1. Could we say that A:I24 is within 12 Å of chain B (Cβ to nearest Cβ) and open to solvent by 10 Å² or more (accessible area, probe 1.4 Å) here?
2. So, of the residues in the range C:27-36 that are closer than 23 Å to B:A23 by Cβ and either among the polar types (S, T, N, Q) or touching a residue at least 40 places away in the same chain (Cβ under 8 Å) (or both), which turns out to be most open to solvent (accessible area, probe 1.4 Å)?
3. Determine which single condition A:I161 fails, assuming it passes every other condition in (1) of a type outside the set (S, T, N, Q); (2) part of a loop (DSSP other than H, G, I, E, B); (3) surrounded by 15 or more Cβ atoms within 10 Å (Cβ to Cβ).
4. Which one of these does A:D39 not meet: (1) surrounded by 23 or more Cβ atoms within 10 Å (Cβ to Cβ); (2) under 27 Å from A:L149 (Cα atoms)?
5. Give just the number: which of (1) of a type outside the set (G, A, S); (2) surrounded by fewer than 21 Cβ atoms within 10 Å (Cβ to Cβ); (3) in contact with a strand residue (DSSP E or B) (Cβ under 8 Å, 6 or more places away or on another chain) does A:I55 not satisfy?
6. Quick check on the range A:2-21: of everything there that is touching a helix residue (DSSP H, G or I) at 6+ places or on another chain (Cβ under 6 Å) and under 22 Å from C:P29 (Cβ atoms), which residue is most open to solvent (accessible area, probe 1.4 Å)?
7. Would you please list the contacts, defined by Cβ atoms under 6 Å and residues six or more apart or on different chains, that run from a residue in the range B:1-17 that is more than 14 Å from chain C (Cβ to nearest Cβ) to a residue that is part of a loop (DSSP other than H, G, I, E, B) and open to solvent by less than 10 Å² (accessible area, probe 1.4 Å)?
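The values are calculated or read from the model by the stated rules, or taken from the named source; none is laboratory data. None of the values given here were measured: they were computed from a predicted structure. Cβ coordinates were reconstructed from backbone atoms using ideal geometry, including for glycine residues, and neighbour counts include every protein chain displayed. Ligands, DNA and RNA are stripped out before the accessible areas are found, and what is left, the full protein with its side chains, is counted by its heavy atoms. Shrake-Rupley method; radii C 1.70, N 1.55, O 1.52, S 1.80 Å.
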Amino acid sequence: MALITFMSDFGTVDHYVVAVKAAIILESPTQLITDITHDIPPFNIMHAANVLRNIYHDFPEKTVHMVAVDSMEEKFRALAIEMDNHFFVGFDSGIFSLISDKKPKQMVLLQKSQSTFPAKDVLAKVALKLAEGKSIKEVGETVNTMNELYERQLKVTKREIQGNVISIDHYGNAITNIRKSEFEKILKLNGSDVRYVIKFRREVFEKFHTYFNDVESGDCYLLFNSSGFLQIGINKGNASELLGLSVDSSVFIEFSN
Amino acid sequence: MALITFMSDFGTVDHYVVAVKAAIILESPTQLITDITHDIPPFNIMHAANVLRNIYHDFPEKTVHMVAVDSMEEKFRALAIEMDNHFFVGFDSGIFSLISDKKPKQMVLLQKSQSTFPAKDVLAKVALKLAEGKSIKEVGETVNTMNELYERQLKVTKREIQGNVISIDHYGNAITNIRKSEFEKILKLNGSDVRYVIKFRREVFEKFHTYFNDVESGDCYLLFNSSGFLQIGINKGNASELLGLSVDSSVFIEFSN
Amino acid sequence: MALITFMSDFGTVDHYVVAVKAAIILESPTQLITDITHDIPPFNIMHAANVLRNIYHDFPEKTVHMVAVDSMEEKFRALAIEMDNHFFVGFDSGIFSLISDKKPKQMVLLQKSQSTFPAKDVLAKVALKLAEGKSIKEVGETVNTMNELYERQLKVTKREIQGNVISIDHYGNAITNIRKSEFEKILKLNGSDVRYVIKFRREVFEKFHTYFNDVESGDCYLLFNSSGFLQIGINKGNASELLGLSVDSSVFIEFSN
């Protein structure tokens, strides 16, 4: 029996989260369900995609990830997707186009429900079937396309990487879409005598740090985080507030010889 | 071994929630405990009743629902109740009179404790005994009455249903005490050429919607939610803030021919 | 297989909490993990120590308590500690010097990691090994000292106990560092005709209460809570806001004959 994870924007003051869980427990009382988070800001598909992208591959293969974000939109079809050896069950808002570079191996359309609570009435039931080992083809009809969303893309030349903040975390750290691998590729292109500066807002830095506390408390650090993305933070402080960074803020790396 | 659910107004920054759970785990490490929510606003019995009423019947029969809301009030007796094939363990604040139309089948008074933390010292121990299959008569002495609370009642005539908002959810949706079944009964009474309008604050609507996105983003919808109650929301917006709705706000349905 | 508890200041909007859990689940899918709380205010070691001190002994002996508070500070060594028949795994911020009067029985230094996410890469792996019964000596090298932090100490004479508020809980109750046992010791010293007053801010009280509702709603109570510490609260109110109490506020008990 595979694990089910559950992520939503339901918050925790109402009965919504536990109603979905109860639908699973009612059929299979010992099914393991791990909460990712239910504090995704309401309707924020981008934040949800960012969390899911960072976490799904930390779970065992065949895990079923149940995603109920912006789940009230009936215009979105309900899908089950097999991708990168994991299963995803949720609404076709475009979120599933953002979480992996891999292509979906199989996608099926889940039977449309007349429900005003499809996370409970559709997703929970399908997630359980997949966790119990049913084939994805048994839970819906094959489809070939899903909605796609596009994040702000890096603009990359030999002399500049131009990226953006894609999320602000609990501590106020700003996470960008600039990958370490991209940075290293451009660095190499520029040869051994290359120099670079990192710029955002009114700040200019000449190097990356390795650890959060390579700087004093209250000072700004820049490092590639454990997911491989450039992160801007303040040691024991809130970078978003103190540096005026928010989602979409521009971050530049300029190279020179 | 039956499931235990746990709902409280303890919040999550202190040790209170986990102290109650630990009292169960210490005696029975594999006992399943499902959190309903611990973010009930402090002392808010009405909100807690609303959540519990919406969720308890989604769990298997014989589930033990442990409710620690306004739990510090020593004047409330501690009770265990069998009602609608579920067990409820908590304080006699009146909350248990609000969650079901069914009458309690059995009620027992739990032994008074000298504790300043009765949720841990009394409720957890009794909940575990019931989950393990002990008879309710073994955990306390039979009593015949519990405190009753009354919610604002619908005022219903052939020409008007007058209800109220009973809760605001995480998204800002306003949930009323007007049931679909009540509305349909009055509708039928008025015959086939009946018309109706729904009024609240300065808004007037002439129909109910079926889904949240039957209206454009930012527009107001009215529908009967998955629990059967009239819900007023704004597609991707906060109805409570934008329409000025709060707990107790009046909502009218007027019928005419 | 022993239980693992998990406490952090990670909050719940990001993937951090579940990334740590997933590292355990990946190796041992049925390992029981109980959340203490992830809402410790960022970097607040004192609050975390207070929660942990109140709760760890409620769990079975041999439980492994994983503590990721202020966990990004690479300057702190990672330790595993056996103390009071429990295991603690976390960073050497001084927190472990505050949670028990017992001395550590064994302490080992965990292998330094190059990780920017040591809670996931180091703590989770070691916690699992200890939960599975590995000896603490197998997970690191013995060390003899840990960082120590000192809380504000009581100042005690025969005529006065001078303490401080050490934490404000979810309800706004102010928890002090004045223990019931200390109070009773001084009371006894003063003989049978002793009188005392409790003073803080502009308030003066002449007795302790036993229960929260020994006073009317809205009135202030003083009692020794279930952990044995003097707690100042307002029945159904927020004492911190209404009485102007915050962490470090002074509280005095004066004795006279």
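1. It is false that A:I24 is within 12 Å of chain B (Cβ to nearest Cβ) and open to solvent by 10 Å² or more (accessible area, probe 1.4 Å).
2. Restricting to residues being closer than 23 Å to B:A23 by Cβ and either among the polar types (S, T, N, Q) or touching a residue at least 40 places away in the same chain (Cβ under 8 Å) (or both), the top hit is C:T30.
3. Here A:I161 clears every test but (2).
4. (1)
5. (2)
6. Looking at the filtered set, the residue picked out is A:A2.
7. Listed pairs, sorted by first residue: B:A2/B:T63; B:L3/B:T63.
Residue-wise test of (1) open to solvent by 10 Å² or more (accessible area, probe 1.4 Å); (2) free of Cβ contacts under 8 Å to residues at least 24 places away in the same chain; (3) within 18 Å of C:I166 (Cβ to Cβ).
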{"residue": "C:V51", "(1), (2), (3)": "no, no, yes"}
{"residue": "C:P60", "(1), (2), (3)": "yes, no, no"}
{"residue": "C:H65", "(1), (2), (3)": "no, no, no"}
{"residue": "C:S71", "(1), (2), (3)": "no, no, no"}
{"residue": "C:F76", "(1), (2), (3)": "yes, no, no"}
{"residue": "C:D84", "(1), (2), (3)": "yes, no, no"}
{"residue": "C:K102", "(1), (2), (3)": "yes, yes, no"}
